[in-house]
Amino acid sequence: MELYIPPPTAFFRPLPPRPVVPAVPIVPVPDLPDRLYAPEGTYILNPEAFTNIGSPAHPTATELAKQMQSTNTFLAGASGFMVAGPGMMPGPMGPPASTAMSYNSSVVNGQAQPPNPVKMSFVNVWFPPKVIGERGFGGLLGKQQQQQGNFDPQQQAPPKEDTGYGYEHSISSEDSDPTSPSELPVVPLELPFTTSGGKRIPFTKNQTTANVIPRPKNSLRSSSSTFVTRTQIQENLLKNLAERGRNGGEMAKWGFWNLGRTFAWGEEGGKTREPLTRVTFSQVPSCHAVNLHTLGPDRVDVIVGFSSGDLVWVDFAIGKYSRLNKGGLLNNTAVLGVHFDPRQPHHFIAHFADSTILRFHLFADDPVATVMGYVLPWNNYFDSARRDSATSNTNTNTNTNSNQPTPKPDEQGEWEEGLIKWKNEDWSQLGLGKQKDISMWAGKNPIAAWKIEKTKVTAMAYSPDGRFLAVAAEDGNLRMIDVAEEQLTDTFAGYFGSLNCIAWSPDSRFVAVGGQDDLITIFSARESRIVARCQGHAAFVTSIAFDQSRGEARAYRFASVGEDAKLILWDFSAAALHRPRHHHPTTSHHRLAAGGSSVSLSGHGHSKSHLPINVKSSIYHPAPPRSEVALLQPVLARVVEGNLLSGVHMVQSSIVTVSRAAGVKFWTRPPKNHGPKPRTASKNGRESGRERNPREREISATA
């Protein structure tokens, strides 16, 4: 047996020092304000205004230790427990542990960011005064009115009253627009294919009343599906909601949002900061929409879209859900947006990552799963239309007739496709013939499918009156679709880059879009023209929101946010937008065409390489020179976040900003000034009628 004695350390050759790996630099966060000074007053940051939406950050080691001390299992589904696998535990055997809210989140500049931006929506629900002896919460449970079938959203309308918040517009107008068309009537909420002779109405199993509005079927709490993994409901939620209205009518301000693999429902100004309901899914939610036509104290219909292509119809009032496009049966790409049709409340559209737009009926089911073995009919129709278009274009270019010369390349440009439409012709066959003769698409989703060729759709929005559907795309063009005619009417070209966001004015007269050119462009859908541009952002514009409270003399206000972390407020009026910044009496870049559309005569200073030789059912409007478009200046511009801003909302009492790192801030509006303040001339000749902010006082004192 040999004994090994290690030599002294002095005999070892010294090793060179380890190289220092430089850390990723972190951009310091600037000092962020808690007050914003606008002409109408001061907006104050209120951290306690809304529910705590959660955090996308991964749990710390201390939090994991506390969790592991209690149990080594975790709740994986609503029906039982499951042992955590190696990939779900922290350490060398798997990735860092994550919660449902921090699922797939990444760290950027020291802040955790969820895989999909947090998208929020806010609604107001009026709880009417309760009558003595009235059943407390039967309506919320959905049993009483579901049996009677007498749900009427108009009965839930709150009385008009002064909110105590508001502003005086900085721009006035005398434009009354007496000729503006009235809003289109909304189709009443009813079931399709109402049959006579006592036959059962489709989509209403075990129902005998023709007026019954269907509701989701599966329970969120007791579902055996692996798609819904967990449901957390606030303690005494039903009891608290049942008390609403006992002391008189009450307005509830609710909000909905996605974070990681969760989708939640909260309340502004609630008693606690816990969500009313938080649902955890096995897939990542990407967008959602609330049905405002059926919204009430006893019904909260929300459609949630997922990165897997799934669509889930959730009714939080009764705690049930139903799935559409299950497992990506109809389209397996991510859902980028969901929008309810203002004219048909039981219809909604969803646009997917492959730029396919599918129209769904809320109460219809998916076709049978065997459809997976067939080519989807709309995809086959799109391919056929694409081939026909290519053949037609080739025949046009190869025409050798001397009387019809081939255009030059700079005059020919690119082919501008129209809106390709597929309609489910078998939709109304349900109940008309024998079961074996009925098509698999009879009474099944989708109702229709749309496609805009050669471009990727980034955002879309219905006008409030339901006449137009505005579509933004990566090619920088804004397209207007006439909803009733299902025709692409106008295509507006942008200056540079993709368009990211769309917002309509409350009266449907104007639509504002923002994108990668750092500008906000205001269009008039009725006049088919560009009316103004807004310059103030120093990075991509990510979200725009109009203030729904209308001011006097047709003045408008909207807010915008961007990747420069700025919140900007804008005011404008219809009369001011008719006066361009530079007027040339001898030159007109827009003229009113027959039918009310403006056609650009364009010419100087524009490249013609992008002008189409053939436009199918659409009028193309090249971008006019900047000198010919009115330019609006911001009312307020301030950096309010240490990260990219991804959303902005103008609710009744606050302005809400949402960051890419899931930071939500509520800026409380200043109190409304009842009656105009007297304006007097100051020493420097300026009008005084409002309180000056600290910066103005400092400058005045220095002077």
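Working note: Karplus 6.51/-1.76/1.60 with θ = phi - 60° gives region 522-539 the couplings 9, 10, 9, 5, 6, 9, 6, 7, 7, 10, 6, 10, 10, 10, x, 7, 10, 7 Hz, where Gly and Pro are set to x.
Pairs over the 29 Å Cα-Cα cut-off, from the set K217/K665; K239/K672; K451/K665; K119/K456: K217/K665; K239/K672; K451/K665. A cut-off of 5 Å between modelled amide H atoms, ignoring neighbours fewer than 5 places along the same chain, links F558 with D547, W570. In the context of the full protein assembly, D518 retains an accessible surface of approximately 40 Å², using a probe radius of 1.4 Å and ignoring ligands and nucleic acids.
Among 657-665, 46-54, what's the highest-first ranking by average C-beta atoms within 10 angstrom per residue?
Details: 657-665: 22.3, 46-54: 17.7.
Per-residue Cβ counts within 10 Å, averaged per peptide and sorted highest first, yield 657-665, 46-54.
Here the Karplus relation 6.51 cos²θ - 1.76 cosθ + 1.60, evaluated at θ = phi - 60°, turns the backbone of region 618-626 into coupling constants of 8, 9, 8, 10, x, 5, x, x, 5 Hz, with x for every Gly and Pro.
Less than 5 angstrom separates the built amide H of A317 from those of V300, all sequence-distant by 5 or more or on a different chain.
Test of the criteria: in region 211-295, which trypsin sites (Lys or Arg not before Pro) are in a DSSP loop and have at most 15 other Cβ atoms within 10 angstrom of their Cβ? When the trypsin sites (Lys or Arg not before Pro) of region 211-295 are filtered for loop state and at most 15 Cβ neighbours within 10 Å, K217, R221, R246, K271, R273 remain.
Taken one residue at a time, the phi angles of region 484-499 give Karplus couplings (6.51, -1.76, 1.60, θ = phi - 60°) of 5, 8, 6, 10, 7, 9, 9, 10, 9, 8, x, 7, 7, x, 7, 9 Hz. Gly and Pro are set to x.
The values are calculated or read from the model by the stated rules, or taken from the named source; none is laboratory data. Quantities reported herein were computed from a predicted structural model and do not represent experimental measurements. Ideal geometry is used to build each Cβ from the backbone, glycine not excepted, and the neighbour counts take in all protein chains shown. Accessible surface is based on the protein model in full, side chains and every heavy atom, while ligands, DNA and RNA are left aside. Shrake-Rupley method; radii C 1.70, N 1.55, O 1.52, S 1.80 Å.
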